[in-house]
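Just so it is clear, none of the values below were taken in a lab; they were calculated from the coordinates. As the structure is a prediction and not an experimental result, all values here were calculated from the model. Cβ sites come from the backbone with ideal geometry, for glycine too, and all protein chains shown count toward neighbours.
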Amino acid sequence: MRATVALVLGFTVGGCGLADPIQPEWVAQRRPLPACGTGVGPADVAAQQCLLEAYEAGRDAELVSTSRDELGRPLTLYLRVHENGTIEMFLDLPGDALSSWERFGCERLVPADEADGPRPSPEWVFVQDGCEMLPL
C-alpha cells in the first residue's frame, strides 16, 4: 500500500529522549548521515527545509524528530534521505514494555505547496509520497 505521509503524522510537539534503549539493529547500526536536526519538534521548519534541500540536491541527510502522543508517550521519527534518492523513514511508536517500530521506504519528498490535497499544517515544509511499509 502506497501513501502520502505528512512529515510527523499529526503528532503534537513535546520533548523526549531520542534513544530508546531497545532499538532494532537497523536503527542502532544505521550509517551516520549529516544531521538536519536531532530531537527537534515536528514544527521545526529550518530542520525540515534542510532535509528537503538535501533531497533535492542529492545529498545524504537525516532528521530525527521527537514528540509525544495524546497520552504523553514518546514518539520518535527518523527520516533519512540518501544521495542516490532513497528515502527511509523509521517510527518509534509507543507500545507495551517494548517500543513498537515501523519502517517505510518512500518514493519522494514533495514540497507541501506542490502536494496534492490540503496541506496538513502550515508548518510542514514537505510530505513524503509513495511510502510503503517495509519488513522489520
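Looking at segment 37-136, the GluC sites (Glu not before Pro) that sit in a DSSP loop and have at most 13 other Cβ atoms within 10 Å of their own Cβ are Glu70, Glu83. Each label point was placed 7 Å from the Cα along the Cα-to-Cβ direction; for Ala28 and Asp60 their separation is 2.1 nm. Summing charges over all other residues whose Cβ lies under 12 Å from the Cβ of Ala47, with Lys and Arg as +1 and Asp and Glu as -1, gives -4.
Give me the number: length gained by fully extending Arg73 to Val45, i.e. 0.36 nm times residue separation minus the C-alpha to C-alpha distance, one decimal in nm.
7.8 nm
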